[in-house]
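Down below is the structure, laid out as structure tokens.
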Amino acid sequence: MKLFAILAAAAAIAHAKVASSVMRALEVDGRADVFVSFKGSEDILESATVGGRQEVFEILTEHTEKSQKSIEELTKGFETTPLWIVKGTFIKGADQSLVDKLSKNQNIKKIDQLPDIELEPVLHQDANIAAGNSTNQWGIDTIGASNVWKYFKGEGVVIGSVDTGARHTHYLIKDSWRSDRGWYDPYNHTATPEDRNGHGTHTIGTMAGKDGYGVAPGAKWISCRGLYEGSGSSQALLECLQFMICPTRTDGTHPDCSMGAHVINNSWGSKLYNPVYEEAVATIRKAGIIPVFSNGNNGPACATTGNPGIYPNVISVGAIGSYDNEPNKLAYFSSKGPATYVDAHNVKQTITKPTISAPGFYTYSAYNTSDTAVAGLAGTSMAAPHVAGVVALLKSAKIDLTYDEIYAYLTKTADQTMLEGEPDKWYKKDKTVLDGAPNCGGVSDKTFPNNRYGYGRVNVGTILKDGKFADVATPGPKTRTPAPEPVNAKFCTFKKTILSEWNNQLFVDTIKNNDNEGFVIDRVNNIIYSVSAQNADPEHQAGCLSLVKDTSNTNSVVLNKCTGDATQIWKFDPVAKRIIHPATNFCLTSNAAKNGAGPSVAPCSASALSQFFDSCDSVPAPRKYVKLVTKTNKVLSEFYSGIYADWSADNVNEIFAYDDSSKTFQALSNGQCLDAFVNGNSYGLHTYTCDANNGNQKWNIENNKVKHATYNNLCLDVDPTNPVHAAQSAKPPSDGLRILEEAQRKLEDVLSKIEVQIKEAEASYLEDTAHGNIIRGWDGYADLKSKKDILLKKVKPYTDNEKLFSNSSVPPMPKSSVQSTGEAIYVEEKRKHDSKAAVKPTAVSSKHLKLKVKKRKHKDTIGSEEDDITA
């Protein structure tokens, strides 16, 4: 059975490797062009001692060759294109059979379809005009480039362009093209550069053009056609980025890493996030090359930065300018931050973007229509080449500048004070009016960096004033990071219960400080194993966390022999406080209602408290946590300081910490305390800043009710007819309470006796009529029915009120639901144990203290449709 479970889990994980887009393509077309990414790529570059193009190339090509061999037999007859920049292989026309076989290969991490990238539209100013030896372009002088030319013009630096290609014969750029390994076309493998769009020629002119058009006219440029006219495939773009590290001949052979680019301009991007380019950028950075990307042309709205511009490891560039080329304004179309990406822990991160801004409105530069034509274009595509040109000037002054050093120079010397703020409205020339978007992401536009300009407007004249670098603190050299050592860990829930092992099984129980609670995180192989299980069976290396299917075909977590296969790859994320199975995005989950129960797995959810696991040393001592639950199992929760009752969402908004000394309920979600306040002739309820001296925040737990300690007979209250499920506070009737309780009990006793008599009469009636007789005394039966109806009317106020005043009337809490999460409410019976011996966890017998809390619409009535609350 265990073998079956493991095989079932392996099949599920294999299926998880295949992207849904691939499955759809196979279903519709029968074949799909796919990208197969190999495992082990995350840490492979850690073995590089000094970095640099050649070492990176050698390490990655060796890894790719080994991975490629593992699929050679499977892919015979299919066209494959292996890459090393992202450690994967493109396969053209894969069928279902091949995808199924590849998904079972242990060396394969993912089978995906990579999207094409559409070139973002740019603005065109005039018809093409001939280039002339006139004054510098406005952008050149705005960033201070012309002030630096007397010292540096970019000599000795190679600028790479991944774009639509280049008209290499153009008057402005023909002298700066490096012909040896200076062109690659992954689409047609043309022998010489060409540009069917003009976009690439234009950006190259801004970087390296002569006669005042280019920022670094002394630099050389090389080009790769990643975009074919208006769009480009991910395969071509990745091949181009690979070419920039180690350029080849035009047929793709004989790579020479010594001739690679020093900086790469990428005036392209996508609205959709894709991590594959982030891996490619990481390789570029490791090779010592500076990646520059445009930020996107989807402004003025917030959060519109494009991909790969959103990555934290690239320099992304916003656009400065206006229709009149005003140098102190942000271009209306320039995309803004914040940017969101998914980090290595599979957690979404938000950062400020762009990195820096540069002139990007109407910029004249070389164009593809003739060898002398120039065109005025506007977009962040025009801004990024200005910054790439600045990097070339800096590298010309000091060739071994690192990314971190260049980043520091760009951001710490940027112009800021003269830059204008966001207008209320943007007015386009076509009469379109766009709303302004100030202070994106809650970051003030008056502070830097912000989500409009980033750190400000680039100024190379400040960086290299008088030919010398500005006095800017730059990071020191980085040493090689050694392989991470294993980490000993003890995993605790937010309740300070602990994950433990006994007899090769997993439990979550109270802390006993024994060997069963120890685990080891192997950060090289990404496995987590139990210390006690390993010690008990070292020969078989038992005790690795494994995700399998149980006999009911449900995902579960068990301890199995350590093999390092896909079922055993786990990551402990100390930021998200989760133990994650990356292949399935399932997280280890505790049963918060029952100590001694085994953990399970469930899809990872950032709000699920049951998935909280952290180092026990980092988890604070347990507090008196409670959940306030109604009789109908609705849970009170805090949301924007309001209190509501709804079905449980298993999140922190539902947890309150009760302090016996201050008599306060503190909401964990916002840190504020439950606060009842006088609101005219009634009372209001919300959360407010905790204050031990605030009488509004004092509550008692007594007589099965949560009662206010300051306002007499004021209780926590929920009205199930409220359309927004709001909780509130109100006074229950106090006078005659005991009399009402006694009257209710007496009425119920009489009613019970009458119902027994009615049933006996009905039974006799049925028996006699079966023998043809008419029951004697049927008038008495009718009299009993009449008495019952009268009694029901008298009892109705109590039954409508869900028998508020009777302890016995509160139904027992379902065992499967989590009704409390702290010792104040969930009472544990302590067990004796040997703190050093291995102890098998057992389920702790427990009982709940039921707290009834009631609200009234009318203080002078008993009956209502409102709901009891238990804690």
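List of remarks:
- Single residue of D95, D116 found to be out of contact with any Cys (no Cβ under 7 Å at 6 or more places or on another chain) and either basic (K, R) or more than 29 Å from R225 (Cβ to Cβ) (or both): D95
- Evaluating F448 against the criteria (1) within 29 Å of the chain's Cα centre (by Cα); (2) assigned to a helix (DSSP H, G or I); (3) under 18 Å from A319 (Cα atoms) leaves one unmet condition, (2).
- Residue among L434, L401 that is assigned to a loop (DSSP other than H, G, I, E, B) and farther than 25 Å from G230 by Cα: L401
- Check on V508, within 19 Å of D565 (Cα to Cα) and of a type in the set (A, V, I, L, M, F, W, C): no
- Residue satisfying all of: in the range 625-666; among the charged types (D, E, K, R) and in a strand (DSSP E or B); surrounded by the fewest Cβ atoms within 10 Å (Cβ to Cβ) among these: D646
- Across the range 404-431, the number of residues qualifying as among the hydrophobic types (A, V, I, L, M, F, W, C), in a loop (DSSP other than H, G, I, E, B) and either surrounded by fewer than 17 Cβ atoms within 10 Å (Cβ to Cβ) or in contact with a Pro (Cβ under 7 Å, 6 or more places away or on another chain) (or both) comes to 1.
- S357 within 18 Å of L410 (Cα to Cα) and either modelled with pLDDT of 95 or more or surrounded by fewer than 24 Cβ atoms within 10 Å (Cβ to Cβ) (or both): yes
- Residues that are crowded, with 23+ Cβ neighbours inside 10 Å and of a type in the set (G, A, S), drawn from the range 295-334: G296, G299, G306, G309, S316, G318, A319, G321, A331, S334
- Taking the criterion of being over 16 Å from F152 (Cβ atoms) and touching a Gly at 6+ places or on another chain (Cβ under 8 Å), the residues of the range 451-467 that qualify are N451, R452, Y453, G454.
- The one condition in (1) over 21 Å from the mean Cα position of the chain (by Cα); (2) under 19 Å from K495 (Cβ atoms) that N653 fails to fulfil: (1)
- The set of residues in the range 7-30 being at pLDDT below 55 and crowded, with 16+ Cβ neighbours inside 10 Å consists of A8, A9, A10, A12, I13, A14.
- Flag for T253 being free of Cβ contacts under 8 Å to residues at least 24 places away in the same chain and of a type outside the set (G, A, S): yes
- Looking at the range 481-520, the strands (runs of 3 or more DSSP E) lying wholly inside it that each contain 3 or more residues that are assigned by TED's automatic domain parsing to the domain that holds L609, within 32 Å of the chain's Cα centre (by Cα) and buried (at least 18 other Cβ atoms within 10 Å of the Cβ) sit at 498-502, 505-509.
- Residue in the range 185-194 that is surrounded by fewer than 19 Cβ atoms within 10 Å (Cβ to Cβ), in contact with a Ser or Thr (Cβ under 7 Å, 6 or more places away or on another chain), modelled with pLDDT under 95 and not basic (K, R) present: no
- Matching entry among Y311, Y323, Y341, Y277 (being in the same structural domain as G456 (by TED's automatic domain parsing) and more than 28 Å from the chain's Cα centre (by Cα)): Y323
- All conditions but one from (1) more than 23 Å from V387 (Cβ to Cβ); (2) at pLDDT below 95; (3) of a type in the set (S, T, Y) apply to T248; the one that does not is (2).
- Those strands (runs of 3 or more DSSP E) of the range 74-169 in which at least 3 residues are over 30 Å from the mean Cα position of the chain (by Cα), considering only elements entirely within it, cover 79-83, 88-95, 158-163.
- Residue among G51, G88, G40, G132 that alone is at pLDDT below 90 and within 17 Å of V276 (Cα to Cα): G40
- Matching entry among N439, N459 (being under 28 Å from the mean Cα position of the chain (by Cα) and in the same structural domain as N295 (by TED's automatic domain parsing)): N439
- Among the residues of the range 673-702, those identified as touching a helix residue (DSSP H, G or I) at 6+ places or on another chain (Cβ under 9 Å) and either outside any strand (DSSP E or B) or not assigned by TED's automatic domain parsing to the domain that holds A645 (or both) are C690, D691.
- Among the residues making up the range 358-383, those that are part of a strand (DSSP E or B) and under 21 Å from A145 (Cβ atoms) are A358, P359, T363, Y364, S365, A366, V374, A375, G376, L377, A378.
- If you go through the range 441-457 and keep only what is crowded, with 20+ Cβ neighbours inside 10 Å and closer than 20 Å to F361 by Cβ, you end up with N450, N451, R452, Y453, G454, Y455, G456, R457.
- Index of the failed condition, A414 passing every other in (1) under 19 Å from A145 (Cβ atoms); (2) in contact with a Leu (Cβ under 7 Å, 6 or more places away or on another chain): (2)
- Inspection of the range 188-195 identifies at least one residue that is assigned to a strand (DSSP E or B) and either under 29 Å from T81 (Cβ atoms) or β-branched (V, I, T) (or both).
- Qualifying strands (runs of 3 or more DSSP E) (wholly inside the range 544-592; at least 3 residues being hydrophobic (A, V, I, L, M, F, W, C) and either within 22 Å of the chain's Cα centre (by Cα) or over 21 Å from K39 (Cα atoms) (or both)): 555-560, 586-589
- Residue list for the range 667-684, restricted to those being of a type outside the set (S, T, Y), modelled with pLDDT of 80 or more and surrounded by fewer than 22 Cβ atoms within 10 Å (Cβ to Cβ): L668, N670, G671, Q672, F677, V678, G684
The values are calculated or read from the model by the stated rules, or taken from the named source; none is laboratory data. A quick note: this is a predicted structure, and the numbers were derived from the prediction, not measured. Heads up, the Cβs are rebuilt from the backbone with ideal geometry, glycines too, and the neighbour counts pull from every protein chain shown.
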